[in-house]
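Q: Got a structure for you, written out below as C-alpha cells; questions coming shortly.
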Amino acid sequence: MSATPWDADLLARIERLHLRARRAVEGWRHGGHVSRRVSTNIEFVDHKEYAPGDPIRHLDWKVAARSDRLVIRRHQAETVVPVTLVVDVSADLGTGEGRPDVARSKFEAVITMAATLAVFLIDRGDPVGLEIVGGTGSFDRTIPPRPRSLPAVIRALASAEPAGVADLATAFDRLGQRLPRRSVVIVFSDLMEEPAEWGPGLGALAARGVDCRVVHVHDPAEWELNYPGALMLFGPEGAEAVPVDPLDAQQAMKGVVEGYLEEVRHQLGRHRCRHHLTPIDAALDRVLASVLEGRS
Amino acid sequence: MNLIWGTPLAFGLLALLALPIAAHLIRRTPEERRAYGAMMLLKRLPKRVRRRRRWEDKALLALRALLVSLVVLAVARPQLQWPGAVPEFGGSSAVVIVMDDSMSMNLRSEGEGTLLSRARAEAIELVSNLPQSTLVGAVRVGGTATKITAGLQSDHGAVVRFLDEVQQTPFGTDLQGGIRLARQMLAGAGGEVLVFTDEAGAGVVESAAAEIALLTEQGGALVPRPIHAESPANLAVVKAAYGSGPEGGTVTVEVANFGPDAVEVPTRLALPDGTEIAAFIDVLPGERAEKAFTVPRVTEGGVGTVRIEDERLHADNVGSFHLPTIGASRVLVVEGDPGLTPVASEVYYLERALAPWGRLSAMGNGALPDITSPAGVAALDSSVHRLVFMANVADPGPWANRLVEFVNQGGSLVLSLGDNVSVDRTNAVLAQLLPTPLRRFRALAAPGEPGVPTALPDVTRPMFAPFARGGLAGFSRIRWHRLFTVEPYKDSEEVQTLLRLEGGMPLLIERKVGKGRVLLFNGTMDADWGTFPLQSVYMPLIQSMVRVLGVASGSTELSRSGTVGEAIEFDVPGSLVDVSVMGPSGPVDARIEGGSVRFTPNEAGPHSVVSPGMPSLATVAVNVAMGESDVRRHSSLSKTAASIDPERFMHKVPLHRYALWMALAMVLAVVVMARRKEAVSVG
C-alpha cells in the first residue's frame, strides 16, 4: 500500500529520520570536527563570530586588530557546487543486520547516511539533490539540488522502501545527461550489479567533470557467510534459492569477494570515483567524514 | 559351507533402505531460509563449493544403510552350515552303546590311560546321566561283535556294570556287526546308537556304511563318539618271513611306523633254538622299513619271533614266522638186517655215504643220520626228520601208519629191499606208499658173472643233476646179480621211473604221496645183490637223494600261519584224546572234536598243538591283524554317517544374533556421528 502525504506512519518515519540525521550532525559538529565546505571559490558576504572548527585562514585579522574580536569573513561561493545523493534502495538493500541501535539492514544504513549528509550539507547552504534508484513507495525519485530541499529529501528517503532492482547503469547514464558540470555525486549503494555493467555508466559522469564518491555499503556477515549452519539463501530481487553450507563455502567466498572488489575498484578508478567501502555497522561520523574529505 | 536363510522373504524389507537414502537426500535441503543481498557473489561460487558432500554425510548414510541391512539380515535369520559336526547326544528314549574294544583301543596316551579306558569311562558317565525312562543296551565290537547286554533294559546300573567289565581284546574291529546288533536291539523303534571308537583300521568304518544306512532308514540315529589319542603313534611288526640268503638264509622283518616322528626301533629276533639277534631299524614317519637278519648256517626249525619295543600298543610288538631246519637234514636210517659183520649191513654203507667224516661234517653237508632199528620208527618226528631210509626191513607193519602219515605230511621215504623183506607184508601194509606192488626177487646173473649194468640216468632230473658235469659213466659200472621185480606199471604224473637197468628193468621208482615222496629201490644198499655201494656214484647219489627229498619236506601241513582272533583248525589222529594247544603265554582254550582241534589265538607268537608223549602235532606262527596297528584315523565315522544322513552332521551357526549386535553397534555409531555432525554445524 503506497503511503499518502498525510500518512501518520510516514510522518513518524520522516520525523525519526530527520531527528536521527539532525542528532548525528549535531553530535558530529560538537565533536570538534573541522568545518567542511564542498566549494572553494568564494566572495565576501558578511562576518560571523568565530566558532571552533571554522578555518583560521578565514579570520578577519583587521577586525581582530581593531576590535579585539574574532570574526570570520563569510563568503559566497563564486560557483555553486550542487550535491546529488544517489541512493540505492533496491530489494537487496533490505537484507543484512547491523547494530540494532543504528540500523537493522543496509537499507536503513543507506537512508540514515543519506539523510544525515543532506542535513549537514543543507545546513551549510549547499544545494542538495536526491536520486533514488530501485525501491517502492510514493515519493519523488528525483529531487534537483536546491539549498532548501531538505524536507523533500527527508520525505523521499523516509517514504522509500527496498524493492526491485537498482539498474545502476541506467541510473548513471541518466545522471550523466542531466547533472550540471562540476557537481558532486555521492552514491549510496551495495553495488550488487555486475561492475562491468554499471562501470561504463560512470564514464558519462566523469566526462562532465562530476566529483563522484561511492559509499559501498555491505553487510560483512553476508560477505563472510557468517551463518551457523547450512541454509537456503534467496535473493530478494528474485534470484532462485541456493543451498549453502557456510563451512564449505566461506573460504571460496573470500576469494570471490576479493575478486569482486577488485573489479569495483577498477571500474571506479577508471572514472576517478572515490570508493568508500562501508560495512553497515560502521560509525556514521567516520563514514561521512571520509566521504566529505574525499578520502577513499 | 552353506548359508541358509530361515526367512528369505525378509529380504523384501530391504526396501527400507530407501528410508535412510531419502532421509539423507531430504536433509540435504536446509530448512532455514534467509534473504541474502549478495546473490551476485554467491552465484560466482561453483555449485560444488557451495555445499560439499562431507565424508561424515556419506559415512552416516552408509551406517544407516548398514543398520537397516543388518536388521533385515537378522530378520532373515541366516544360518551358516558346514559338514563335519559330531551330533550331540539327543536324549532319546532308547540308546545303544557300541563299545570298540579292538586291539587298537589299547593304545596308551601319556596320563590318559588306554583309549578303551577313556571310552569306557565316557560311556559309563553317559549312561549314568540318562533319564531313568531311557532304555539302554550295549554291544562290543572287538573281534566278532557281541551283545554286552541281552537287549534294551531300564536298569542303568546293570548296564554300567557290564560296561565296566568290558576288557581289551587283541582282535580287529567288527563295527559293521556292532551296528547291526545295535539296530536289531532298537528293533526299528528309533533311538540313538552311540559308537565309542578310535576309527582305526582301514575299511572298518566304510564297511559299516550299509548298516548305518539301514539304521537311519529305520528311524535310528548314529552318534559317533570318537576316542582319539592326542597324537596317535604306534610301531608294529608287519612282516617276518624266512627266505633265501647268505649263510643259512635271512629273516626279513618289516616294521611300520604309524606315527609322526622318525624312530629307531630296537628289534630282537629270536630263533626257535633260542638264538637271539638284536638290531635297530630306522623307520621314517608313516613309512615301513625292512631289515634282513642273517640266519646261522645251522639252526633248528620251528617258529621264530621278532619283538620290538613300543610302549604305546603292545599287542603288535611281536611277529612270528616259520623257520625250516637249516644246515642239516635229519635222516632216520632204519636198519632191517644188521648182518653178521658191519660190512654186511646196509647201514654201514649208508652211514658213510651220509656222513663220510662223521656227524660234524654231516651238518655241513646237509645230512645227519639217526640210526635206529625198526622199533625206532615210533620216535619219528616230522618236525625233526625229513627223510627215512628203510633198509631191508622185513615187516614194516607196526609202523606203517606212522610212515604213511609222515609221507602224507611231506616227509620222504626211501625203501631199499633185500633178502630180509617180506613181500606180502610189505605190499599189504605199505600199499598206500609203494609205487607198485613188489613181486619177488629175481636172479639176473650167475655168481662169477659180471651182472647186469645200470643204464645211465636222465641228468635233467634234480636227483642226477650233480652228475651232469662228470661221473655219469659210473652208473654203468653198477652191476646187479639180483633184483626185485615189481608189478607192471606205467610212468605217470604220480609214478616215475628214475633209474633202470640196461634192458629196462626198473631200479629206482618214485611215487608222490600226499605232500611227500616215496622212492622204491629194488636192489640192496649194501654189496649183497650188486656193486652199487662199491661204485663212485654211491655216495653222491645218496647225498643227492637226501638233498632233493629233504628240501621238499621243508614245510608240512602242520606248520601254519594264523592271525590273532581268527579260528585255526587242525586234523589230529582220532586216537589221540589228550591234545592241547600251547601259546606264548601258556595253554590256549581249544576245542577237540572228532579228530580235529580248533582254537582261536589271543596273542601273537608261536602256538603248537601237543599231546603228551608225542612230538608236536602242529605249529602255528600267529600274528596280529595289521589293520589294527595303524592307529591313525583313516576315515571318519562322522563323515561316513554324514554322507548318509547329512542334516544331522552339520555345524550350524545362527548369525542373526551377531547381526543384531552389529545393528546395535551401528545405532550407537549413527547416534555418535549424528551428534558429532550436529556439533560441527553449530560450531
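Q: With a cut-off of 8 Å between alpha carbons and a minimum separation of six or more residues, what is the relative contact order of chain B in percent?
A: Result for chain B is 15 percent.
Q: Considering Cα pairs under 8 angstrom that are at least six residues apart, work out the relative contact order of region B:92-199 and quote it in whole percent.
A: Averaging sequence separation for qualifying contacts and normalising by length gives 42 percent for region B:92-199.
Q: Straight-line reach only, C-alpha to C-alpha below 21 angstrom: list the lysines that residue A:62 could link to, leaving out same-chain residues fewer than 8 apart.
A: Partners found: A:48.
Q: Of all the C-alpha pairs in region B:332-471, what % are more than 20 Å from each other?
A: 57 percent
Q: Taking the Cα-to-Cβ direction at residue A:196 and at residue B:582 and moving 7 Å from each Cα, how far apart do the two end points lie in nm?
A: 12.7 nm
Q: Something else about it: Given 10 Å bins starting at zero, what is the percent of C-alpha pairs of region B:91-156 in each, up to the one with the largest pair distance?
A: Calculated over all Cα pairs of region B:91-156, the distribution is 21, 46, 26, 6 percent.
Q: What distance in nm separates the two pseudo spin-label positions at residue B:287 and residue A:66, each 7 Å out from Cα along the beta-carbon direction?
A: In this crude spin-label approximation the distance works out to 14.4 nm.
Q: Okay, next question. So what's the angle, to the nearest 10 degrees on a 0 to 90 scale, between helix B:115-128 and the longest Cα principal axis of chain B?
A: Computed tilt is about 50 degrees.
Q: Given the C-alpha atoms of region A:61-213, compute the convex hull and give its volume per residue in Å³.
A: Residue-normalised Cα hull volume stands at 137 Å³.
Q: Which order, highest average first, do B:523-529, B:103-109 follow once you tally other Cβ atoms within 10 Å for each residue and take the mean per peptide?
A: Order by mean packing, descending: B:103-109, B:523-529.
Q: Please enumerate, by chain and number, the lysines with C-alpha under 28 Å from the C-alpha of residue B:43, excluding those fewer than 8 residues away in the same chain.
A: The reachable lysines, counting only those whose Cα sits under 28 Å from residue B:43, are A:106, A:254, B:58, B:677.
Q: As an exercise, find the ratio Rg/Rh for chain B from alpha-carbon atoms, using the Kirkwood inverse-distance average for Rh.
A: 1.32
Q: Still on this structure, I have one more. Students often forget the sequence filter, so: which aspartates and glutamates lie under 15 Å Cα-Cα from residue B:512 once same-chain residues fewer than 8 apart are removed?
A: Counting by Cα, and skipping residues close in sequence, residue B:512 has these aspartates and glutamates nearby: B:405, B:491, B:493, B:494.
Q: Work out, in µm²/s and without decimals, the Stokes-Einstein translational diffusion coefficient of region A:173-215 at 4 °C, 1.567 mPa s, Rh from Kirkwood over C-alpha pairs.
A: Value of D from the Cα-based Kirkwood radius: 122 µm²/s.
Q: Hey, another quick one. When DSSP assigns beta bridges and you keep just the ones with both residues in the protein assembly as shown, what percent turn out antiparallel, to the nearest 5?
A: Looking only at bridges with both residues in the protein assembly as shown, the antiparallel portion is about 60 percent.
Q: Next question. Starting from the Cα gyration tensor of region B:620-665, multiply each eigenvalue by 5, take the square root, and state the resulting semi-axes largest first in whole Å.
A: Taking √(5λ) for each eigenvalue gives 47, 13, 5 Å, largest first.
Q: Related question: If the viscosity is 1.567 mPa s and the temperature 4 °C, what translational diffusion coefficient in µm²/s does Stokes-Einstein give for region A:144-296 when Rh comes from Kirkwood over Cα pairs?
A: Diffusion coefficient, whole number: 75 µm²/s.
Q: What angle do you read, to the nearest 10 degrees and between 0 and 90, between the alpha-carbon axis of helix B:656-682 and the longest principal axis of chain B?
A: On a 0 to 90 degree scale, this one is about 30.
Q: While we're here: Nearest 10 degrees is fine. How inclined is helix B:538-552 to the longest principal axis of chain B, computing both from alpha carbons?
A: 30 degrees
Q: What value, in deg cm²/dmol to 500, does the helix sum -39500 (n - 2.57) over DSSP H runs of n ≥ 4 give at 222 nm once divided by the residues of chain B?
A: -7500 deg cm²/dmol
Q: Rounded to the nearest 0.05, what FRET efficiency is calculated for residue B:431 and residue B:275 with R0 set to 45 Å and r the Cβ-Cβ distance?
A: Computed FRET efficiency for residue B:431 and residue B:275: 0.55.
Q: Now for a different question. Applying the Karplus parametrisation 6.51 cos²θ - 1.76 cosθ + 1.60 with θ = phi - 60° to the phi angles of region A:202-214, what ³J(HN,Hα) value in whole Hz is obtained for each residue in order, glycine and proline being reported as x?
A: Karplus-based 3J(HN,Hα) across region A:202-214 equals 5, x, 5, 5, 4, 5, 9, x, 6, 7, 9, 10, 10 Hz.
Q: Which whole number gives the average count of other chain Cβ atoms within 10 Å of the Cβ atoms across peptide B:457-468?
A: Per-residue shielding by partner chains comes out at 0.
Q: Right, here's the next one. Sorted by average packing, counted as other Cβ atoms within 10 angstrom per residue and highest first, what order do B:467-473, B:665-671, B:368-374 take?
A: B:368-374, B:665-671, B:467-473
Q: Output needed: percent of Cα pairs per 10 Å distance bin for the protein assembly as shown, bins running from 0 to the one holding the longest distance.
A: Final binned percentages: 2, 8, 11, 9, 8, 6, 6, 5, 4, 4, 5, 6, 5, 5, 4, 4, 4, 3, 1, 1, 0, 0.
Q: On average, how many beta carbons from a partner chain sit within 10 Å of the beta carbon of a residue in B:298-309?
A: 0
Q: Kindly list the residues of region B:591-613 that lie in the label zone of residue B:379, defined by a backbone N under 15 Å from the point 7 Å along the Cα-to-C-beta vector.
A: B:613
Q: If you don't mind, another one. Rounded to the nearest 0.05, what FRET efficiency do residue B:158 and residue B:591 have when you use their Cβ-Cβ distance and R0 = 25 Å?
A: About 0.25, to the nearest 0.05.
Q: Another one. Give the accessible surface of the protein assembly as shown per residue, rounded to a whole number of Å², with probe radius 1.4 Å and ligands, DNA and RNA excluded.
A: 46 Å²
Q: Could you work out the Kirkwood radius for region B:439-536, taking every pair of different alpha carbons, averaging 1/r and inverting it, reported in Å?
A: 14.1 Å
Q: Would you mind calculating the relative contact order of region A:145-296 from Cα pairs under 8 angstrom and at least 6 residues apart, reporting the percent as a whole number?
A: 23 percent
Q: If I take the Cα coordinates of region B:65-177 and project them onto the principal axes, what are the three extents in Å, biggest first?
A: 65, 36, 29
Q: Label point 7 Å out from residue B:512 along Cα-to-Cβ: which residues of region B:423-465 have amide N under 18 Å?
A: Only B:432-436, B:460-464 pass the distance filter.
Q: Using amide H atoms built 1.01 Å from N in the peptide plane, name the residues 5+ places from residue B:618, or on other chains, whose amide H lies under 5 Å from its own.
A: Under 5 Å from the amide H of residue B:618 lie the amide H atoms of B:609, each far enough along the sequence or on another chain.
Q: Using amide H atoms built in the peptide plane, which far-off residues or other-chain residues are under 5 Å from residue A:133 H to H?
A: Under 5 Å from the amide H of residue A:133 lie the amide H atoms of A:87, A:88, A:89, each far enough along the sequence or on another chain.
Q: Oh, and also: Per q in 0.14 Å⁻¹, report the Debye log10 I(q)/I(0) for region B:100-247, using one uniform scatterer on each alpha carbon and no solvent.
A: -0.67
Q: Also, I was wondering about something else. How large a share of the accessible area of region B:116-201, in percent, is made up of carbon and sulfur atoms when the probe is 1.4 Å and the other protein chains stay in place?
A: Carbon plus sulfur share of accessible area: 48 percent.
Q: Between residue B:675 and residue A:141, take the C-beta separation as r, use R0 = 35 Å, and let me know the FRET efficiency to the nearest 0.05.
A: Working from the Cβ atoms, E equals 0.05.
Q: Count the DSSP beta bridges whose two residues both fall in region A:58-214, then state the antiparallel fraction as a percent rounded to the nearest 5.
A: Taking every DSSP beta bridge within region A:58-214, about 25 percent pair in antiparallel fashion.
Q: I'd like the Karplus ³J(HN,Hα) series for region A:181-188: coefficients 6.51, -1.76, 1.60, θ = phi - 60°, whole numbers in Hz, and an x wherever there's a Gly or Pro.
A: Those phi angles translate into 5, 6, 9, 10, 10, 10, 9, 10 Hz.
Q: I'd like the interface area for chains B and A: accessible area of each alone minus the complex, both sides summed, 1.4 Å probe, protein heavy atoms only. What is it in Å² to the nearest 100?
A: The summed interface area works out to 2900 Å².
Q: Using label points projected 7 Å from each Cα along Cα→Cβ, tell me how many nm separate residue A:285 and residue B:477, to one decimal.
A: Result: 17.1 nm between the two label points.
Q: Then there is this: In Å, the Kirkwood hydrodynamic radius of region B:251-327 over pairs of distinct alpha carbons?
A: Value: 13.0 Å, from the Cα pair sum.
Q: Sort A:136-144, B:504-512 by packing, meaning the average of other beta carbons within 10 Å per residue, with the highest value first.
A: Going by the mean number of other Cβ atoms within 10 Å, highest first, we get B:504-512, A:136-144.
The values are calculated or read from the model by the stated rules, or taken from the named source; none is laboratory data. The structure displayed is predicted, hence computed values, not measured ones. No Cβ is skipped: glycine too gets one built from the backbone with ideal geometry, and neighbour counts run over all protein chains shown. We work out accessible area using only protein heavy atoms, side chains counted, and drop any ligands, DNA or RNA first. Shrake-Rupley method; radii C 1.70, N 1.55, O 1.52, S 1.80 Å.
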